[in-house]
Amino acid sequence: AVCSMGNSTSRLYSVLAKTLSSGAVSQHQDCLEQLDSARLDPIDPKDLLEECQVVLQKRPPRFRRSFVNLKKNAASNHRPIRVMQWNILAQALGEGKDNFVQCPMEALKWEERKCLILEEILAYKPDILCLQEVDHYFDTFEPLLSRLGYQCTFFPKPWSPCLDVERNNGPDGCAMFFLKERFELVNSANIRLTAMKLKTNQVAIAQTLKCHETGRLFCIAVTHLKARTGWERFRSAQGCDLLQNLKNITQGAKIPLIVCGDFNAEPTEEVYREFSNSSLNLNSAYKLLSPDGQSEPPYTTWKIRPSGECRHTLDYIWYSQHALHVNSALGLLTEEQIGPNRLPSFNYPSDHLSLVCDFSFNQDPDRLL
């Protein structure tokens, strides 16, 4: 069954859903080139949101989250830049490998789960969207978000675990989307992370953008580091490699930087300390929600697997604190909202919470460097 996306989108969406159901990335790209002219027709985000809500009408109400105002000084002279970070849970892994023992399989049906994901993106209207575990890039996110005005980039993992799942939709990877009306792409780098000089299965995308309104350059990066206990030194090596790449791209912090990612690392890990102590002068935006501004949230992912309950802080938005200011951050879900069966669920599509921050440029970016 094809999830209708309204009169303005359903014709194209139907074609994509039938044509791009599975197969290699190269096959997807060939199909997309043939459909390029059709994709140029823009979508009204309100229409797409309404279509998603029609599909989701039998699901329970979604959570309401509020932004916390963090800006203490005078208002900036430009519109804030809204950045959204989210591990959306690869469909193949959610259905085939992750073993969410308290989540009914019906809640993971892609026809509805994709609408939950799109609904959350449309609700928060990010200027820049950074996603991990994207395995429906070519048949869902690229065709739809490009028609919402985003420029789209995808970098799959070389050996994605999704490929081990029967009837998968290709490899998962990192994806980045930015609004073309707000930014111009100056430079883009797809980075395959190394550890101990060896290429790994983890990747990153780093793009230098120019803000149309201010003329300022900044770099935005997205990554997803190696998972699982016992791989702490491996993650640390990957983090060092990413930081070195970002130092080169930002000319040693001359260009402001935002790094979004699922680091698969608690704040106690070495890779977290590497980012905290880097010469790039990075701070973690969600620390600012704590009373003293020094503590990360108690969790960004919460799930139940056969081995037990997993409640961890793994997701971060890092930023150049000398050049950028965090105006506000989206509050996290409470334990009561998440509920006893944890995530994912009928009213939340992923096992990770989305993080959203509004940034502004500091007037004197060199003052604190």
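The values are calculated or read from the model by the stated rules, or taken from the named source; none is laboratory data. Remember, it's a predicted structure, so these values are computed and weren't measured experimentally. With ideal geometry, Cβ positions are generated from the backbone for all residues, glycine too; neighbour counts draw on all protein chains shown. Surface accessibility is based on the protein's heavy atoms, side chains included, excluding ligands, DNA and RNA. Shrake-Rupley method; radii C 1.70, N 1.55, O 1.52, S 1.80 Å.
Considering only Thr334, Gln294, Ser236, whose Cα is most displaced toward the positive end of the charge dipole of the chain, charges sitting on Cβ of Lys, Arg (+1) and Asp, Glu (-1)?
It is Gln294, whose Cα lies furthest towards the positive end.
What order, most packed first, do the peptides 296-306, 185-195 have when packing is the mean number of other Cβ atoms within 10 Å of each residue?
Those peptides, ordered most packed to least, come out 296-306, 185-195.
Sort Glu112, Glu95 by accessible area with a 1.4 Å probe, largest first.
Solvent-accessible surface, decreasing: Glu95, Glu112.
Over the chain, what percent of the accessible surface lies on carbon and sulfur atoms, probe 1.4 Å?
Here carbon and sulfur together make up 48 percent of the probe-accessible area.
Compute the length gained on full extension between Arg167 and Asn248: take 0.36 nm times their separation in residues and subtract their Cα-Cα distance, giving the result in nm to one decimal.
25.2 nm
For the residue pair Lys180 and Glu50, what label-to-label distance in nm results when each label sits 7 Å from Cα along the Cα-to-beta-carbon direction?
Placing both labels 7 Å along Cα→Cβ, they lie 2.5 nm apart.
Over all distinct alpha-carbon pairs, what is the Kirkwood Rh of region 35-126 in angstrom?
On the way: mean 1/r = 0.0610 Å⁻¹.
One over the average 1/r among Cα pairs gives 16.4 Å for region 35-126.
Would you work out the charge dipole size for the chain about its Cα centre, treating the Cβ of every Lys and Arg as +1 and the Cβ of every Asp and Glu as -1, and quote it to the nearest 20 debye?
In debye, rounded to 20, the chain gives about 500.
Distance in nm between label sites at Glu111 and Ser76, each 7 Å beyond Cα in the beta-carbon direction?
4.3
For region 72-187, what's the radius of gyration and Dmax over Cα atoms, in angstrom?
Using the Cα atoms of region 72-187, the pair Rg, Dmax is 16.1, 55 Å.
Multiply the residue gap between Cys310 and Ser290 by 0.36 nm, knock off their C-alpha separation, and tell me the result in nm, one decimal place.
5.0 nm
Against the globular-protein guess of 2.2 N^0.38 Å, express the Cα radius of gyration of region 212-369 as a ratio, rounded to two decimals.
Ratio of Cα Rg to 2.2 N^0.38 Å: 1.10.
With a Förster radius of 41 Å, plug the Cβ-Cβ distance of Glu213 and Asn277 into 1/(1 + (r/R0)^6) and report the FRET value to the nearest 0.05.
The pair Glu213/Asn277 has a calculated efficiency of 0.80.
How long, wide and thick is region 183-300, going by the Cα atoms along their three principal axes, in whole angstroms, largest first?
In descending order, the Cα extents are 44, 41, 23 Å.
What ranking of Phe234, Phe183 comes out by heavy-atom accessible area, probe 1.4 Å, highest first?
Numbers: Phe234 45, Phe183 5 Å².
If we order Phe234, Phe183 from most to least accessible, we get Phe234, Phe183.
Show me, for region 314-324, the HN-Hα J-couplings you get by feeding each phi into the Karplus relation (A = 6.51, B = -1.76, C = 1.60, θ = phi - 60°), rounded to Hz, glycine and proline as x.
10, 10, 9, 10, 8, 8, 6, 6, 7, 10, 10
State the percent of C-alpha pairs, over all pairs in region 138-231, separated by a distance greater than 18 angstrom.
Counting pairs separated by more than 18 Å, the tail of P(r) holds 56 percent.
State the dimensionless ratio Rg/Rh of region 121-163 (Rg: radius of gyration of Cα atoms; Rh: Kirkwood radius). List each step's numbers first, then the result.
Numbers: Rg = 11.4 Å, Rh = 11.6 Å.
When Rh is taken as the Kirkwood radius, the ratio is 0.99.
Can you tell me the Rg and the Dmax, both Å, for the Cα atoms in the chain?
For the chain, the Cα-based Rg and Dmax read 19.6, 56 Å.
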